[in-house]
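The values are calculated or read from the model by the stated rules, or taken from the named source; none is laboratory data. What you see is a predicted model; the values in this text were computed from it and never measured. Here the Cβ positions follow ideal geometry from the backbone for every residue, glycine too, while neighbour counts run over all protein chains shown.
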Amino acid sequence: MDKAYQKLIDGNRRFALEKKFDDPEYFKKLSLGQMPDYLWIGCSDSRVPANEVTNTESGEMFVHRNIANMVVHTDFNLMSVLEYAVNVLGVKHIIVCGHYGCGGVRAAMTHKTYGLVDKWLRNIKDVYNKNRIELDNIDDEDKRADRLTELNVIQQVQHLAETKIVQKHGTMVKACKFMIGYTD
């Protein structure tokens, strides 16, 4: 077996043993179902895992991730997750979480082509264009990207609030942003 896959299998084995050691009923309890209070819509970036950055346990948060934490009304995957989370699981809070240093946001700020993802990044380019005056007045590229990250989260929260699913249930929608290594 490839070393990379073996690392994952070994890691899973250690995880299971540690959980069973700490709580022999851990997996039995998880198998009974989930009732998370939160739906997390975050970036696919491997440096921003929802449970780790929020210090939550398995079962506490339902998670959907995509490039740059987008809420696109034509994304049936996201809409299915949203509907399931609200209508079936009964989540009370929805969090849209962006992060500084987001590769999707940075890619959307360029004129480079990346392939299929360009269609996805078009949504972030629209956020940039909507806020062009403010963003173009920020000389520092890193600060401009950070501000676009913030504006993108705000826009995605607005998109989420426009969905019939959220409007029907009055689910709380929150915006948040994480900077990798943020301690404040």
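Being in contact (Cβ under 8 Å) with a residue 24 or more places away in the chain and of a type in the set (A, V, I, L, M) is the filter here; which residues of region 1-35 pass it?
Passing the criteria: LEU30, MET35.
State whether the residues of region 135-145 include one that is free of Cβ contacts under 8 Å to residues at least 24 places away in the same chain and crowded, with 18+ Cβ neighbours inside 10 Å.
Scanning region 135-145, I find at least one residue that is free of Cβ contacts under 8 Å to residues at least 24 places away in the same chain and crowded, with 18+ Cβ neighbours inside 10 Å, so the answer is yes.
Counting only residues that are closer than 22 Å to LEU89 by Cβ, of a type in the set (Ser, Thr, Tyr) and out of contact with any strand residue (DSSP E or B) (no Cβ under 7 Å at 6 or more places or on another chain), how many does region 11-51 have?
Going through region 11-51 one residue at a time, the tally reaches 2.
Based on what the data block shows, is ALA68 surrounded by fewer than 19 Cβ atoms within 10 Å (Cβ to Cβ) and among the small types (Gly, Ala, Ser)?
The answer is no for ALA68.
Go through GLU141, GLU134, GLU150 for me and flag whichever is among the acidic types (Asp, Glu), at negative phi and modelled with pLDDT under 95.
Values: GLU141 fails: modelled with pLDDT under 95; GLU134 fails: modelled with pLDDT under 95.
Selected residue: GLU150, the only one of GLU141, GLU134, GLU150 that is among the acidic types (Asp, Glu), at negative phi and modelled with pLDDT under 95.
Going by the conditions given, is SER58 farther than 17 Å from GLU150 by Cβ, assigned by TED's automatic domain parsing to the domain that holds LYS168 and without any contact (Cβ under 8 Å) to a residue 12 or more places away in the chain?
Against the criterion (farther than 17 Å from GLU150 by Cβ, assigned by TED's automatic domain parsing to the domain that holds LYS168 and without any contact (Cβ under 8 Å) to a residue 12 or more places away in the chain), SER58 does not qualify.
Look at ASP142 and say whether it is touching a helix residue (DSSP H, G or I) at 6+ places or on another chain (Cβ under 9 Å), within 17 Å of ALA68 (Cα to Cα) and assigned by TED's automatic domain parsing to the domain that holds VAL91.
no
Could you pull out the residue among VAL96, VAL81, VAL63 that is in a strand (DSSP E or B) and modelled with pLDDT of 95 or more?
Criteria check complete, one pass: VAL63.
Can you say whether VAL88 is surrounded by fewer than 20 Cβ atoms within 10 Å (Cβ to Cβ) and assigned by TED's automatic domain parsing to the domain that holds ILE165, as far as the supplied structure shows?
Answer is yes for this residue.
Select from region 99-118 the residues that are among the small types (Gly, Ala, Ser), surrounded by fewer than 18 Cβ atoms within 10 Å (Cβ to Cβ) and in a helix (DSSP H, G or I) and list them in ascending order.
Answer for region 99-118, where residues must be among the small types (Gly, Ala, Ser), surrounded by fewer than 18 Cβ atoms within 10 Å (Cβ to Cβ) and in a helix (DSSP H, G or I): just GLY103.
Can you name every residue in region 25-60 that is surrounded by 15 or more Cβ atoms within 10 Å (Cβ to Cβ), more than 11 Å from the chain's Cα centre (by Cα) and not in a loop (DSSP other than H, G, I, E, B)?
TYR26, TYR38, VAL53, THR54
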